[in-house]
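J.: Pasting a structure here, questions to come.
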Amino acid sequence: MLRATADLVARFRGTSRPGPADVTAHIRVITRRGSAPDARALVDLFLEEPTDFWRRELLDVVDAHGDRTCAEALLSCFENGVLRDEVSERVLATIGRLGLPAAETLLPAELFRADYDHYRVLHAAMGLLHFPCAAIRPALVRAIREVRGKNLFPEFLPALACKTEGAIAPEELFAFGTAASTDCNGGLILGIALLGDQGADTFRRVLDDPAWEAFGGGTGSDYWAYVGMCAQGVSFATLADGIRADVAGGTEEAIVRHKVRVVAALLQSRLADRPLPLAFVRPPVETFSDVYRALFRWGNDPNQDASIHSLAQRLGVEFDGAPALLAARMEQEVDRQQ
């Protein structure tokens with residue numbers, strides 16, 4: 001077990017509760033460097049007070065390094081097949097991610113519950129995405145199709161379109177988005193991205209269409225677009241090349257501005273380096289140095305800044321401190337290679 005894990009456990013059990021930034025710093029290190037013993041220690045710590053808001057982040061480590069023992073321990077958070085009130089909904093995603101067989105029964109009950117709860121449905125959907133979902137496939141198809149024409153709906157039901165064996169096509173999800181509020185775009189964006197090669201072209205349409213507001217931080221669309229980007233294996237270099245081609249081809253400035261704004265939002269998610277919510281969606285292959293070259297390098301002419309960052313400045317799109325944070329991430333990346 002890492003010293004960081006022992007230290008975090010001692011702080012939670014001590015008289016002075018650790019602050020949020022302190023917890024996050026420890027969790028990031030343990031997630032990156034830990035192993036099964038760290039996960040077991042932190043699931044025990046979580047279960048001491050599973051209703052404690054500040055302990056939910058401990059499940060990041062359980063997601064990364066937990067095993068069936070950890071997942072079975074989390075069953076104590078359920079009563080009569082339902083997650084107990086005030087317990088973090090994150091438990092639902094974790095038992096699914098760890099492949100607990102009981103989750104195939106527990107999670108659909110949360111997904112289809114009559115009294116809709118956004119976070120329960122979100123985390124139940126994330127957990128179910130780790131299972132075939134054959135038993136609930138007809139119910140899934142019906143529930144997703146009920147989204148058609150609605151402005152507001154259970155946002156993350158459409159994320160499970162990949163479990164319908166082709167019954168729900170990416171074009172169908174894209175059409176749902178014409179009526180949907182941008183508050184409900186997250187599940188549609190993820191659902192399209194998780195359809196693999198079948199959803200590739202549609203996912204790029206989502207990023208490029210201003211109506212989808214894939215840059216939206218307030219709605220969470222930017223984060224789910226980033227998860228979709230990882231699922232699809234789309235690189236910042238590819239997005240940058242597309243923008244340069246648009247500029248060279250005389251694409252309308254408003255469209256170019258939108259695409260640059262989306263790239264800026266995706267970059268913020270990349271720099272935040274949050275854990276991805278699905279075990280089968282891998283972190284980007286692009287290094288931070290690759291991202292720098294794609295977006296900030298001048299180009300071949302030393303007298304003219306041809307970077308995407310320079311274009312953003314001309315178009316009035318802010319990168320919100322990204323250059324400095326990217327430089328720090330690059331330094332950390334180099335340090336870890338030593």
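J.: Note down all Cβ pairs under 8 Å where the first residue falls in region 272-284 and is touching a residue at least 40 places away in the same chain (Cβ under 8 Å) and closer than 21 Å to L326 by Cβ, the second is in a loop (DSSP other than H, G, I, E, B) and among the polar types (S, T, N, Q), and they're at least six residues apart or on different chains.
T.: P284/S235
J.: Ok, one more. Within region 76-100, track down each residue that is crowded, with 24+ Cβ neighbours inside 10 Å, aliphatic (A, V, I, L, M) and more than 18 Å from D44 (Cβ to Cβ).
T.: Selection gives L83, L92, A93.
J.: Right, next: List every residue pair whose Cβ atoms lie under 9 Å apart, where the two residues are 6 or more positions apart in sequence or sit on different chains, the first residue falls within region 18-42 and is in contact (Cβ under 8 Å) with a residue 12 or more places away in the chain, and the second residue, located anywhere, is among the small types (G, A, S) and outside any helix (DSSP H, G or I).
T.: Correct list of pairs: A36/G66; A39/G66; R40/G66; L42/G34; L42/G66.
J.: Here's something else I'd like to know. Among the numbered conditions (1) under 25 Å from Q332 (Cα atoms); (2) touching a residue at least 40 places away in the same chain (Cβ under 8 Å); (3) surrounded by 14 or more Cβ atoms within 10 Å (Cβ to Cβ), tell me where V234 comes up short.
T.: If we test V234 against (1) under 25 Å from Q332 (Cα atoms); (2) touching a residue at least 40 places away in the same chain (Cβ under 8 Å); (3) surrounded by 14 or more Cβ atoms within 10 Å (Cβ to Cβ), just (2) comes out false.
J.: Let me ask something additional. Which condition number in (1) without any contact (Cβ under 8 Å) to a residue 12 or more places away in the chain; (2) assigned to a helix (DSSP H, G or I); (3) closer than 30 Å to A135 by Cα is the one that D85 fails?
T.: Looking at each condition in turn, D85 falls short on (2).
J.: On to the next question. Could you give every pair whose Cβ atoms fall below 9 Å, whose first residue belongs to region 196-209 and is without any contact (Cβ under 8 Å) to a residue 60 or more places away in the chain, and whose second residue is buried (at least 18 other Cβ atoms within 10 Å of the Cβ) and among the aromatic types (F, W, Y), counting only separations of at least 6 or pairs across chains?
T.: T202/F174; R205/F174; R205/W212; V206/F174; V206/W212; D209/F174
J.: Considering only region 40-61, state which residues are of a type in the set (V, I, T) and in a helix (DSSP H, G or I).
T.: V43, V61
J.: Then there is this: Could you pull out the residue among A41, A71, A25 that is within 30 Å of Q332 (Cα to Cα), in contact with a helix residue (DSSP H, G or I) (Cβ under 6 Å, 6 or more places away or on another chain) and surrounded by 13 or more Cβ atoms within 10 Å (Cβ to Cβ)?
T.: Unique residue meeting the criteria: A41.
Only the coordinates and a few stated rules stand behind these numbers; no lab work does. Keep in mind it's a predicted model, so treat the numbers as computed, not measured. Cβ atoms come from the backbone with ideal geometry, glycine included; neighbour counts cover every protein chain shown.
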